[in-house]
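Data block below; observations after.
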Amino acid sequence: MNQNDTQLQNTSIDKKQIPLTTHIIVSYLHRPVPQYYRYLLTFCFAIEEINRDQTILPNISLGYHVYDSCSDSKKAVKSVLQILSGPGRTVPNYCCKEQRNVAGFIGDLGSASTVSMAQILAIYPYSQISYGAITPILNNRNIFPTFYRTIQSAQISCLMISKIIKVFGWTWVGIIYTDDDSGNEEIRILTEHLTRNGICVAYTIKVKYVPLHSMDKIRKMNLDTIRKSSASVVILCGTSSVDLINVIYTLQGVLHHKILVFGPPFSLLTGLMEHYKKAFNMSFALVPSELPLPDMRSYYESFQTVNHPEDMLLAYIWLVYFQCLSRSPHMNKFHLLLYNVSLRNCSGTERVAVMYNFQHPGLSDRVYKAVYLLAQALHDLHMSMAKQTTDKVALLHKYSHRLHLYLGSQKDIAGNPIYENGDLISEYSIHNLVSLQDGSHVFQRFGSIKAKTNNLEFNNSTKKMLQKKHKIPASQCSANCLPGTRKVPRSSIYSCCYNCVQCSTEEISNSTDSETCMKCTELDWPNKKKNRCVRKRLEFLSYTDDTVVLVISLVSAIFSFLTFMVLITFILHQDTAIVKANNWNLSFLLLVSIMLSFLCVFLFLGHPVDLTCILRQVSFGILFTVAVSCVLAKTIMVSIAFRATKPGSSWKRWIGSKWTNYLVVFCTSIQVIICMGWLALAPPFMELDTHSYQKKIIVQCNEGCVIGFYSVLGYMGVLATVSFIMAFLARTLPDSFNEAKYITFSMLVFCSVWIAMIPAYLSTRGKYMVAVEIFAIFTSCAGLLGCIFFPKCYIILWRPDLNSRSRLLEGRHQ
C-alpha cells in the first residue's frame, strides 16, 4: 500500500455468479506501520473466509477496494466519491458502474476522516462500519443514521476513565490532548465526567504543530507546568500523531514521575510504550476486550515479497524495516537520502510477523468483526428479499439503502443486541503497565467494566498490592480531610482545593473529605476526634457512681436514728412532767413526721422515674406540713396554757381538749387538697434535660404544673411564718422550759433555710438542684429536732431534777 490515492487492488473473487464489492480505507502515518498492515491482512483474510463459507451469502462473492486516507479528511472524501462514481474521472452523484454494486464501507481508523466519510455516506445512504473512530459526534443517529462501529465512542471511554480515577481517589489531574476534532471533543466530554465525579483538572496541554523557533519555548512551558503541578496523574486524550509522540519524547523526563492514564486509542500503541518505558511505567490503560479471532499466523507469514512481488506496500515495508532493496531504483535512492541507511539484497522470505509492531493484535479483532457484521447484514437482507424476485442482483442493488437496518439489528449467540446507538456493546479491561527488572514490561489486569451497564468490577486486593508495592501516589490538590473535619472551599474555581476545619461543637463527620458535618442527636455527643457520636453521660444522684449519695444516705440514716431515739425517749418518759407539758400527742406526731422527712430523702436518690417523681414532692410537702402544723399547734398551746393559769380565765376549757389534733388535720388537709389538684392537672414526671449541658444528660423530675409545686411550698411557707410570728410573740412568756423560745429558734432556722434555698434551687441544674433541696430538708428537719427536742432530752436524761410538776409550775408563776 502506498501513499497515493491510486487503487491498490480491484479484485473480485467469484464463487459462482454475482460479484459484489465492499471497501476499506486504512489510515497510515508518513511511513508504513506494520500494525496497520496487519489490519489490511485481517480484512483480506475475513473476505476470503466468508467467500469460502457456504452458510453466509451463498452464491455471492465479496470483492473489495482498499484506499489509503493518510488520516486526511480530504483524501478520504475524494476516495469515497471515486468509489461511488466508479472507475475513471470522479463525478459526484453519478455512477458509471454496470455490475459492481457498492454494498457498504469499512473504515476509517481516525475520527476526523471517518466523520467526513460518514457525512457523505449518510446522504445516499450507504452503511459504514468504523473500527477505530471514537468521536461521540457519530452517535447522533439523526445525522449519521447508517453509521456503526466496532469500538465504543469517547463518551464511553471518558466515563470509564473517570471511574478508574475515582476508584483510586485521585481528584487532581492533568490532561494532554491533541489539537484536532477528536482531541477537542474528547477533552470536553472527559472534563464533564471528571467534574461530575468531583475530580478537578489542574492543567491542560494542547498538542499541536508549532514552528521550529517556538518549539523550545513551548517545551519549557510544558515542562514547568507538569513539574510545578501537584497532580500526579496525567490523562492522554485525542488521537495518536507525530506531534503527540514528539511531546511525549520531550516530556518523558518529568512524565516518568507521573502516572499516565489513557484509553483505547493509546493502549494499542505498544511500540510507543516500548520506546518510552520510563514515561509509561505504572500507567493505567483502558483496553477493549478482545473479540473472537481465528488463528491467522500462517496467513500472515505467507505474505512475503517472494510470494507477492506485485505488492508495492509489502516491498516498502521490506525496505523500511528489513533494509531490503526494492525493484524501484527511485524508492531505494529516496530512502537512502532520507534515512542514510544502506540497503541489502534480501531473499524475500523474511516474515512480516516477526516485527514487534505487527505482533500486537491492536484493532485486528475489530476489523475482523466489522467485515463479518457487514457480511451478516448482507446475508439477512438477501434472505428477507429472496422470495420477492429472482433477480438477486437488482434486488440487492435496489434495497442496499436498507442494509443499515439489518446491521443495527444484529444479535449475539445469546440473542442479545450487539449494538447500542451505533456502538458495539463490549467490555473493557483495566490494565496497569509495569516495567520488570529485565527491561521488559507487562500489563497487569486488575479490573473490568462493561460499556452498556458502566458497572466497574474492581479487584481490591490487586489495588492494595499496587499501592503497597509500587507506592502509587495520591494526586490531590489538598490533603484528605480526616473524619471530624469538613471541607471549606479554598478556591472558587477548583472544588478540589480546600481547607479542612474542625466540626462545630455538636457536630461530627464520619467519612473522609466530608463536605458537611452531621449534628448528633439530643442523646448523643461527639467524641474527642469528632468522628462519631457517643452516648451522653446520664447525670443523677446515682447509688453506684456518686459519693454524694453515700454521704446523703449516711446523714439521712443518722438523723433518722437520732429522731427515732428521741421518740423512744419520749415514749419511755411519757409520764414525766416535761413530756406531759409539751402535749404528748403533738410531740409524737412531730417526731414521726420529722423522722419520715429524713427518710423521704431516699426518694430523691437514684434514677428518677415517674412514680418517684410524684412521691418525692407529695410526701415531702405533706410531711413538712404535718410537722409545721404540729409546731403551730404547740405554739398556740403554749400561749393558751399561760393564759389559763390566771384565776377565772376562760382559757382553761381549751387546755386538754383535742382541738390541736383537729388543727393539725385541718392544716394538713389543705395541703393534701393542693397536692391532689396538682396531680390532677399536671403531675410530676421524669424527663431528660439534653440542653443544659453539652456532654451530659440530666435525668430529672419535671414538676409538671409549676403553680402546683410553688403552691405546696407557699402553703408551707405561710404555716411556717404564722408559727414563727406566734412563737416570737410568746417568747417572753414565763416558762421553765422556754418552750416558746425553742419554737422561735426552730422556726427561725426553718424559715431561713427555705428562704435561702429558693435562689440556690433556681440557680442550679441537675443533681445539684436535688442536692440543694435535700440539704434544705436536712437542715430544716434538724433545726426542728435540735431546737425543740434536744433541750428536753437533755433534761430528761441528764437533769431529771428539773423534770417535775413543781418545777414546771414554779417557772410559770414567775
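A few notes on this one:
- Relative contact order of region 475-606, pairs being alpha-carbon contacts under 8 Å that are 6 or more residues apart, as %: 18 percent
- Averaged over its residues, region 94-144 has an accessible area of 37 Å² per residue, based on protein heavy atoms and a 1.4 Å probe.
- Solvent-accessible area of region 549-600 (1.4 angstrom probe, protein heavy atoms only): carbon and sulfur portion equals 79 percent.
- Listed by chain and number, the aspartates and glutamates whose alpha-carbon sits under 16 Å from that of residue 450, ignoring those within fewer than 8 places in the same chain, are 290, 412, 420, 423, 427.
- In the context of the full set of protein chains, residues of region 653-727 present 53 Å² of accessible surface per residue (probe radius 1.4 Å, heavy atoms only).
- Charge tally around residue 194: other residues with Cβ under 13 Å, Lys/Arg +1 each, Asp/Glu -1 each, net +2.
- Using alpha carbons only: equivalent-ellipsoid semi-axes of region 192-237, gyration tensor based, whole Å: 25, 13, 7
- Once the C-beta distance of residue 434 and residue 290 is scaled by a Förster radius of 30 Å, the resulting FRET efficiency is 0.90 to the nearest 0.05.
- Cα gyration tensor shape of region 537-628, rounded if a/c is under 1.5, else prolate or oblate by comparing a/b with b/c: oblate
- Cα-based shape type of region 92-244, given that a ≥ b ≥ c are square roots of the gyration tensor eigenvalues and the cut on a/c is 1.5: oblate
- Highest average packing first - 133-139, 249-255, 43-49, 342-348, Cβ atoms within 10 Å: 133-139, 43-49, 249-255, 342-348
- Cross-link pairs exceeding 26 Å in C-alpha to C-alpha distance, out of 220/487; 74/278; 166/228; 208/228, comprise 220/487; 74/278.
- Gain on full stretching of the segment that runs from residue 327 to residue 221 - 0.36 nm per residue minus C-alpha separation: 33.4 nm
- Share of carbon and sulfur in the accessible heavy-atom surface of region 128-215 [1.4 Å probe, %]: 54 percent
- Computed accessible area, residue 687, all protein chains, 1.4 angstrom probe, square angstrom: 50 Å²
- Surface analysis of region 189-244 yields an accessible area of 53 Å² per residue, using protein heavy atoms and a 1.4 Å probe.
The values are calculated or read from the model by the stated rules, or taken from the named source; none is laboratory data. From a predicted model like this one, the values you see are computed outputs, not experimental measurements. Because the Cβ atoms are built from the backbone with ideal geometry, glycine has one as well, and the counts that use them run over all protein chains shown. To get the accessible areas, we keep the full protein, side chains included, count just its heavy atoms, and leave off ligands, DNA and RNA. Shrake-Rupley method; radii C 1.70, N 1.55, O 1.52, S 1.80 Å.
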